[in-house]
Amino acid sequence: MSTDKPAADPAKQKLLELFEDVLAHDGYGEIRIETKILKRQQKEVILHYGRQYRFVVDV
């Protein structure tokens, strides 16, 4: 994925961290990803996993 923008890296890192956490959990887990289009060629990425983690990513 060499075309990825560096601004997306924190969101990707958090998603990977949440994925590893849900795999290590003994019970049920759910991760939901929501994206919203913003102005100035940006998107808001919201990761839902008990809490909401919000990131603004350049596209």
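Within region 16-32, residues that are over 22 Å from Val45 (Cα atoms) have Cβ atoms under 9 Å from residues that are at pLDDT below 95 and loosely packed, with under 10 Cβ neighbours inside 10 Å in no pair, counting only partners at least 6 apart in sequence or on another chain.
Within region 13-24, the presence of a residue that is touching a Lys or Arg at 6+ places or on another chain (Cβ under 9 Å) and at pLDDT 95 or above is excluded. When you scan region 28-45, do you find a residue that is of a type outside the set (Lys, Arg), surrounded by 12 or more Cβ atoms within 10 Å (Cβ to Cβ), in contact with a Ser or Thr (Cβ under 8 Å, 6 or more places away or on another chain) and outside any helix (DSSP H, G or I), even just one? Yes; the residues of region 28-45 include at least one that is of a type outside the set (Lys, Arg), surrounded by 12 or more Cβ atoms within 10 Å (Cβ to Cβ), in contact with a Ser or Thr (Cβ under 8 Å, 6 or more places away or on another chain) and outside any helix (DSSP H, G or I).
Residues that are touching a residue at least 24 places away in the same chain (Cβ under 8 Å) and assigned to a strand (DSSP E or B) were ranked within region 46-59; the one that is surrounded by the fewest Cβ atoms within 10 Å (Cβ to Cβ) is Asp58.
The values are calculated or read from the model by the stated rules, or taken from the named source; none is laboratory data. No experiment lies behind these values; they were computed from the predicted model shown. Here Cβ is always computed from backbone atoms with ideal geometry, including for glycine, and neighbour counts include all displayed protein chains.
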